[in-house]
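See below for the structure under consideration.
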Amino acid sequence: MSVFGSLSSGLSGLQPEAFGVDPSGERLARIRRSPHFKDGVFQNPGGEARTRPSGSTLEFAKVFFDKEERPRRAPKGTIPVHPTTLADIAKPPVTGLRLTWMGHSSVLAEIDGHRVLFDPVWGERCSPFPFAGPKRLHPVPLPLAALGPVDVVVISHDHYDHLDMPTIKALADTDTLFAVPLGVGAHLEHWGVSADRLRELDWHEATKVGGLTLTATPARHFCGRGLRNTQHTLWASWVVAGDEHRVYHSGDTGYFDGFKEIGAEHGPFDATMIQIGAYSDFWPDIHMTPQQGMRAHLDLQGGPSAGPMLPIHWATFNLATHAWAEPGEGTLAAARTEGTRIALPRPGEPFEPTGESVPVEPWWRGVAAAPSGGWPAAELATEAAIGMTSGAAARAQEDAAGSEGEGKTEGSGEPEAVPAG
């Protein structure tokens with residue numbers, strides 16, 4: 001047996017609880033009936049997607065361990081986290097919609113009187129082991145217990161940086177419901193969430209939670225927590241619609257034509273939360289670059305005049321070989337090019353997407369390694385430079401609808417050597 005075979009066999013015997021469990025019984029039977037499950041695995045929209053680094057191992061290692069580039073993958077100083085307080089989130093949002101980015105892909109959405117928590121990761125590492133794996137580059141903005149009651153937790157897929165066992169176990173002791181893609185419920189039940197609190201959906205299926213409608217929509221990604229990637233749990237993006245507002249969370253995904261279809265059926269949105277980090281030429285099919293993320297946002301919104309884009313899946317964990325600040329800078333540049341609105345809150349900073357203004361300052365520049373040519377001119381970060389105000393966007397939408405006759409009713413920060421989810 002090879003060294004790698006021995007390692008695999010040994011770790012398989014340990015079976016950390018964080019690996020979760022494979023679906024079985026009626027859950028597995030339902031998976032096999034899914035129109036998106038074929039030849040023993042879930043299929044990606046747009047054809048097969050590469051889920052492991054392409055090219056030779058030597059080529060990847062040269063980039064991964066480059067001594068000159070490695071320091072740029074982590075901040076040079078302390079990330080300016082907004083310490084979310086009870087005062088921040090105790091009062092209802094004036095507009096009826098408020099988003100608080102907790103870092104990476106974790107977002108608290110307060111929408112039309114309900115509270116939705118997307119991909120909550122409060123753990124120190126996105127890993128099955130407490131002693132290894134990507135470690136937080138900044139603390140969580142507030143303790144999970146201080147968050148208050150949550151109506152529904154939404155999970156996009158079962159990778160460690162989106163489905164965190166310690167966080168789920170803590171939430172299992174509350175009354176919250178969980179909306180998850182098909183098959184992911186097996187992990188949650190294994191960790192103590194009762195079956196009656198699970199809403200397990202295939203793509204294009206919806207569930208009601210109070211006054212909200214949650215719809216699982218396609219994404220281009222993959223799944224897996226253990227040593228084997230069985231592709232037996234689904235990955236998804238999500239649409240959450242209330243009485244007055246609707247938002248979109250991309251989860252993890254490569255770019256594909258389906259964003260236009262999702263937007264046509266469910267949009268436009270008061271805000272989109274789009275993955276723009278941990279991308280690489282070594283795995284181009286499963287994560288979007290900032291430019292692709294902006295393209296997805298415009299597809300979803302039908303143009304630049306709808307609600308803003310909140311870039312997610314960056315700044316908190318070091319999961320790829322690009323510079324730490326690159327996703328933020330890339331999103332800023334893409335927004336300016338397209339003339340659309342983006343929101344750039346610090347982790348933990350609440351904002352109302354349909355309010356008069358949203359955070360737009362490139363807060364990361366103070367703690368990031370500057371590019372060789374220096375940062376772009378400061379005025380590129382102003383709201384006037386990157387798009388319309390909320391009021392102008394709303395008026396543009398109304399005008400467009402009228403013209404058509406009808407509107408649509410503390411670590412080193414070194415990354416892992418494989419793409420994280």
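The values are calculated or read from the model by the stated rules, or taken from the named source; none is laboratory data. Note that the structure is a prediction, hence the values are computed from the model and not measured. Here the Cβ positions follow ideal geometry from the backbone for every residue, glycine too, while neighbour counts run over all protein chains shown. With ligands, DNA and RNA removed, areas are computed over all heavy atoms of the protein, side chains included. Shrake-Rupley method; radii C 1.70, N 1.55, O 1.52, S 1.80 Å.
Please name which of A306, P284, S250 has its Cα lying farthest along the dipole of the stretch 247-316 towards the positive end, using unit charges on Cβ (Lys, Arg +1; Asp, Glu -1) and the Cα centre as origin.
The listed residue farthest towards the positive side: A306.
Between K76 and A170, what is the FRET efficiency for a Förster distance of 35 Å, r being their Cβ-Cβ separation, to the nearest 0.05?
Details: r = 32 Å, r/R0 = 0.93.
Efficiency at R0 = 35 Å is approximately 0.60.
Taking the Cα centre of the stretch 174-275 as origin, work out the dipole magnitude from +1 charges on Lys and Arg Cβ and -1 charges on Asp and Glu Cβ, in debye rounded to 20.
Details: 8 positive and 13 negative charges, 71 e Å.
In debye, rounded to 20, the stretch 174-275 gives about 340.
So in the stretch 82-208, what percent of DSSP beta bridges are antiparallel if you round to the nearest 5? Before the final figure, lay out each step's value.
Numbers: 12 of 22 bridges.
Counting only bridges with both partners in the stretch 82-208, antiparallel ones make up about 55 percent.
Can you give the FRET efficiency to the nearest 0.05 for T213 and K67, using r as the Cβ-Cβ distance and R₀ = 41 Å? Please report the intermediate quantities before stating the final value.
Details: r = 51 Å, r/R0 = 1.24.
For T213 and K67, the calculated efficiency is 0.20.
Expected output is a single nm value to one decimal: the length gained when fully extending between D39 and H204, i.e. 0.36 nm times separation in residues minus the C-alpha distance. What is it?
57.3 nm
Which value, in debye to the nearest 20, describes the size of the charge dipole of the stretch 163-206 about its Cα centre when Lys and Arg Cβ atoms bear +1, Asp and Glu Cβ atoms bear -1, and nothing else is charged? If you can, show how the numbers build up before the last one.
Details: 3 positive and 8 negative charges, 18 e Å.
Roughly 80 debye, rounded to the nearest 20.
Kindly provide the GluC sites (Glu not before Pro) of the stretch 56-129 that DSSP labels as loop, not H, G, I, E or B, and whose Cβ sees at most 12 other Cβ atoms within 10 Å.
Details: sites: E59, E68, E69, E110, E124; in loops: E68, E69, E124.
Taking the stretch 56-129 and a limit of 12 other Cβ atoms within 10 Å, the loop GluC sites (Glu not before Pro) found are E68.
In this model, which of K91/K208; K38/K260; K169/K208; K67/K169 are farther than 29 Å apart at the alpha-carbon?
Details: K91/K208 24 Å; K38/K260 24 Å; K169/K208 23 Å; K67/K169 39 Å.
Over 29 Å Cα-Cα: K67/K169.
Once R0 is set to 25 Å, what does the formula 1/(1 + (r/R0)^6) return for the Cβ-Cβ distance between R50 and D257, expressed as a FRET efficiency to the nearest 0.05? Walk me through the intermediate numbers first.
Details: r = 18 Å, r/R0 = 0.72.
The calculated FRET efficiency here is 0.90.
Give me the accessible area of K169, 1.4 Å probe, in Å² rounded to the nearest 10.
70
Just grab the label-to-label distance for F131 and R30, each label 7 Å out from Cα along the Cβ direction, in nm (one decimal).
Between F131 and R30, the label points sit 3.8 nm apart.
Subtracting the Cα-Cα distance from 0.36 nm times the residue separation, let me have the gained length for A145 to E265 in nm, one decimal. It would help to have the intermediate numbers written out before the result.
Working: separation 120, 0.36 × 120 = 43.20 nm, distance 3.64 nm.
Full-extension gain reported as 39.6 nm.
Heavy-atom accessible area per residue, the stretch 235-317, 1.4 Å probe: how many Å²? Please list the in-between numbers first.
Numbers: 2130 Å² over 83 residues.
I get 26 Å² per residue for this part.
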